[in-house]
Amino acid sequence: MPLDHPIAVVGLDLLHDSDLGVQAFARHVGELLPIDRARLVVAGMRGALEGKADLSAEAAAAFPGLDLATAYTGADVVATLAAAAGLSGDQIGAARTAAAHDLARSAWTVGPASGLSDLRRLLTAHGVQLATTSSSPIGVPEVLDAIEMPDLPWLVVAPGRRRDWWLDAVRPDDAAPTPTPPVPAGHHLVIAGRPADLSAPSSVGVTTGLVDRFGRAADGSPAATWTARDLTGLLPAITDWLEHR
């Protein structure tokens, strides 16, 4: 699906201002564990989300080998803690799906992330379409409705398909008929909360922004063109990019 107009894709988890889904994820993980381990998972999550080093240290002491250095999002933190507590990949996946359903049912409680409205206005003024992406369709319409952007285009791209999707989007097969010429990769933007989600678009020349909530990328990420703690922090760089692309 070649892109025939400039697009800025922002991960769904960055569009809203709530950790409701992350907390639900931890709760469903806890339901699969003995109560003492469940409590430690919640403590580790709170330590990361609330910046409470004592809670993070408590979880680290209980789970030998626990390494949260590569956990860039709240969901990453919970998944890493769940694995350290002994859950299988299938169990963690089931808890993640259950949490997505919880968020969908309670999406009316969330609001737009700080800087999102400014970002959309800025992109629109420069002819760039804001869109969002998710690895699952669960809860997407509900979240978009809650942040008062129900018209926002969205797409589901499985993690294992990201590279192929972006390769096709910006470097389509020459033999495939296209109604209009695709837009060069450099006119597209991807913003995500994990370096892994930027690797595919970065590899085909797409400009990328990393929302590094926990300050993990102290030396930057090779997949990220820019890094900031939130969307608002990325706005100056995006403004400059839009004016000079």
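The values are calculated or read from the model by the stated rules, or taken from the named source; none is laboratory data. Quick caveat, the model's predicted, so the values are computed rather than measured. As a convention, Cβ positions derive from the backbone with ideal geometry for all residues, glycine included, and neighbour counts pool all protein chains shown. What goes into the accessible areas is simple: the full protein's heavy atoms, side chains included, and nothing from ligands, DNA or RNA. Shrake-Rupley method; radii C 1.70, N 1.55, O 1.52, S 1.80 Å.
Could I have the simple spin-label model distance between ALA94 and ASP164, label points 7 Å from Cα toward Cβ, reported in nm to one decimal?
So the two model labels end up 2.8 nm from each other.
Looking at the chain only, what percent of DSSP beta bridges run antiparallel? Nearest 5 please.
Roughly 5 percent of the beta bridges in the chain run antiparallel, per DSSP.
At 1.4 Å probe size, with the rest of the protein present, what percent of the exposed accessible area of segment 123-245 is carbon and sulfur atoms?
Within segment 123-245, the accessible surface is 51 percent carbon and sulfur.
Roll a 1.4 angstrom probe over the protein heavy atoms and tell me the percent of accessible area of segment 19-109 that is carbon or sulfur. Intermediate values should be presented prior to the final figure.
Values: 2480 of 4340 Å².
The nonpolar share, carbon plus sulfur, comes to 57 percent.
Report the Cα centroid-to-centroid distance between segment 132-154 and segment 66-120 in angstrom, as an integer.
Each part's Cα centre sits 16 Å from the other's.
For the chain, what D do you get in µm² per second when you plug the Kirkwood radius from alpha-carbon pairs into Stokes-Einstein at 4 °C and 1.567 mPa s?
Values: Rh = 18.9 Å.
In µm²/s, the coefficient rounds to 69.
Give the accessible surface of the chain per residue, rounded to a whole number of Å², with probe radius 1.4 Å and ligands, DNA and RNA excluded. Intermediate values should be presented prior to the final figure.
Working: 11630 Å² over 245 residues.
Here the residues of the chain average 47 Å² of exposed surface.
Put +1 on the Cβ of each Lys and Arg and -1 on the Cβ of each Asp and Glu in segment 100-231; which of GLY209, PRO112, SER136 then has its Cα farthest toward the positive end of the dipole?
After comparing all options, I get GLY209.
Which order do the peptides 16-27, 123-134 come out in when sorted by mean C-beta neighbours inside 10 angstrom, highest first?
Working: 16-27: 20.6, 123-134: 16.6.
Taking the mean over residues of other Cβ atoms within 10 Å, the ranking is 16-27, 123-134.
What are the principal axis extents of the Cα atoms in segment 102-245, in Å, biggest first?
The Cα atoms of segment 102-245 stretch 47, 34, 32 Å along their principal axes.
With 5 Å bins from zero, work out the P(r) of segment 19-109 over every alpha carbon pair and list the percent per bin.
It works out to 3, 16, 28, 27, 17, 7, 2, 0, in whole percents.
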